[in-house]
Amino acid sequence: MRATAAEETQSGTLVLLCLAAWAIPGAGHLWLGRRTKGLIFLVALPAMFAIGLALHGRLFPFDLSEPLVGLAALADVGMGIPYFIASSLGYGAGEVRAVTYEYGNAFLIVAGLLNMLVVIDAFDVAMGRK
Amino acid sequence: MQSHLALLATFAFFVSLVLAVIAKDDTRDQLRFGGLMFGGFLASALVLGWLMYPFPL
């Protein structure tokens, strides 16, 4: 059965919504009118990401020969635009000798994973499940 | 900041905040759920830390 034009428009909007929610943490919730939630995500997730960088955490490269490094890179990219800004400015090189290196990695990876959860939540809200 | 406890508490705060806001819609529920999660993070880290105390590095 072919999708109707309305369904295609809706699915296109959903894709855009998810892309926006991924690129800018909280943007999906702001788009859907959930301002308080959106603002909390907009502040908390980039703050967590910035703390991770300040703690000398590493933005891992996509090295598929090292599965754990590849997975960490995938989690880092979950942060969206802040990840690309930090990478392009040379942040996230990672200082292995720093006492806070592992903490920094934990902040960076978990910030990306939480943003993925936020995207899924925005999707659920848009679908009327929440 | 190099205090492990302060870093742990900061991490627990952010994770609890985001998960509570995702999971609950009502502000009171968010505060209760987030507070419980934050306390749980801290308590479990302290308990695990003391359990590992006898083991050599």
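Coordinate-derived values only; no laboratory data. Predicted model, so just to flag it, every value in this text is computed and none were measured. All Cβ positions, glycine included, derive from the backbone under ideal geometry; neighbour counts span all protein chains shown.
If I go through segment A:65-103 residue by residue, how many of them are of a type in the set (Asp, Glu) and over 13 Å from A:Leu53 (Cβ atoms)? Of the residues in segment A:65-103, 2 are of a type in the set (Asp, Glu) and over 13 Å from A:Leu53 (Cβ atoms). Here A:Ser11 fulfils each of the conditions (1) over 24 Å from B:Phe14 (Cα atoms); (2) in a loop (DSSP other than H, G, I, E, B) apart from (2). Of the listed requirements (1) surrounded by 20 or more Cβ atoms within 10 Å (Cβ to Cβ); (2) within 14 Å of another protein chain (Cβ to nearest Cβ); (3) closer than 29 Å to B:Ala23 by Cα, A:Asp76 misses just one: (2).
The set of residues in segment B:38-56 that are within 20 Å of B:Leu8 (Cα to Cα) and without any contact (Cβ under 8 Å) to a residue 24 or more places away in the chain comprises B:Gly39, B:Gly40, B:Ala43, B:Ser44, B:Leu46, B:Val47, B:Leu48, B:Gly49, B:Trp50, B:Leu51, B:Met52, B:Tyr53.
Please find, among A:Tyr103, A:Tyr83, the residue that is closer than 22 Å to B:Phe11 by Cα, more than 17 Å from the chain's Cα centre (by Cα) and buried (at least 21 other Cβ atoms within 10 Å of the Cβ).
Every option except A:Tyr103 fails the conditions.
A Cβ distance below 6 Å, combined with a sequence gap of six or more or placement on separate chains, defines the contacts here; from segment B:1-29, residues that are more than 10 Å from every other protein chain (Cβ to nearest Cβ) reach no residue that is loosely packed, with under 14 Cβ neighbours inside 10 Å and not β-branched (Val, Ile, Thr). For segment A:107-130, the condition of being in a helix (DSSP H, G or I), farther than 21 Å from B:Met1 by Cβ, within 10 Å of chain B (Cβ to nearest Cβ) and among the acidic types (Asp, Glu) holds for at least one residue. Of all the residues in segment A:55-85, those that are assigned to a helix (DSSP H, G or I), in contact (Cβ under 8 Å) with a residue 12 or more places away in the chain and over 23 Å from A:Val119 (Cβ atoms) number 0. Looking across segment A:21-50, just one residue is aliphatic (A, V, I, L, M), more than 10 Å from chain B (Cβ to nearest Cβ) and closer than 19 Å to B:Ala9 by Cα, and that is A:Ala50. Filtering B:Leu19, B:Leu5, B:Leu57 for residues that are closer than 15 Å to A:Phe107 by Cα, surrounded by fewer than 12 Cβ atoms within 10 Å (Cβ to Cβ) and not hydroxyl-bearing (Ser, Thr, Tyr) leaves a single hit, B:Leu5. Checking A:Met116, A:Met48 one by one, the residue that is surrounded by 22 or more Cβ atoms within 10 Å (Cβ to Cβ), hydrophobic (A, V, I, L, M, F, W, C) and touching a residue at least 24 places away in the same chain (Cβ under 8 Å) is A:Met48 and no other.
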